[in-house]
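Asks: Just dropping this structure here.
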Amino acid sequence: MEQTLSTTSKPIKFPGPDHPITIECNPNRVVISVAGHVIADTRDALTLREATYPPVQYVPRKDVDLALLERTDHATYCPYKGDCGYFSIPVGGKRSINAAWTYEEPYAAVAANQGLINVRSTTAEPKRRGRASSRRQSDRAAPRQVGISVNQVRTGSPIAYSKRSSSWGSCSLR
């Protein structure tokens, strides 16, 4: 289903069978680290599952070390979620430019994510094929890329969560 608002002229789409979006409280502790620095540590993460994309974790700002983030001018638009603003994580180098994002005023379908922060997960180094000796000299001299780690620490048996209830533990869907 698509609707266009005359004030913004941006298309607004609603989740449905062709593009499902669900948001659930994550019962696990989520720790996000970059270059050995803990960016976030929370038991109140929300997991957003959208269509065929991998699930992503949204973390309350109260559990994010905002001193390690820098707001950027980069912005994108999602017809399902709205306007998105970005942060870089300077301690992570080039791979951490625009690595975190937030929906300050998301559309109603994903209102639970309002103001929460997501950090893109990366691997510490790109996977390489073959032996190290087969790499070019310039590859060996290149500085090591810093990865972003998003880890879930299981805190007990998995618990099914339904959006019909309004909260799980201290996690609450708005």
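Asks: Student exercise: in segment 2-123, how many lysine pairs 8 or more apart or on different chains have Cα atoms under 26 Å apart? All intermediate terms of the calculation are to be shown ahead of the outcome.
Replies: Details: LYS10/LYS81; LYS13/LYS81; LYS62/LYS81; LYS62/LYS94.
Counting lysine pairs in segment 2-123 gives 4.
Asks: Run through all the Cα pairs of segment 7-74 and give the fraction in each 10 Å bin from 0, expressed as whole percent.
Replies: All Cα pairs, binned at 10 Å, distribute as 17, 34, 33, 15, 1 percent.
Asks: Can you work out the base-10 log of I(q)/I(0) for segment 2-123 at q = 0.11, 0.14, 0.15 1/Å, using the Debye formula on its C-alpha atoms alone?
Replies: Debye intensities relative to I(0), on a log10 scale: -0.38, -0.61, -0.70.
Asks: Something else about it: Stretched out fully, how many nm does the piece from GLN114 to THR52 gain, at 0.36 nm a residue minus the Cα gap? Write out the running numbers ahead of the final one.
Replies: Numbers: separation 62, 0.36 × 62 = 22.32 nm, distance 2.21 nm.
Extra length available between GLN114 and THR52 comes to 20.1 nm.
Asks: Roughly how many debye, to the nearest 20, is the charge dipole of segment 42-107 about its Cα centre, given +1 on each Lys and Arg Cβ, -1 on each Asp and Glu Cβ, and no other charges? Show your work: numbers first, answer last.
Replies: Values: 8 positive and 9 negative charges, 49 e Å.
Roughly 240 debye for segment 42-107.
Bear in mind these aren't lab numbers, they're just calculated from the coordinates by the rules spelled out. A quick note: this is a predicted structure, and the numbers were derived from the prediction, not measured. For neighbour counting, all protein chains shown are included, and Cβ atoms are generated from backbone atoms with ideal geometry for every residue, glycine included.
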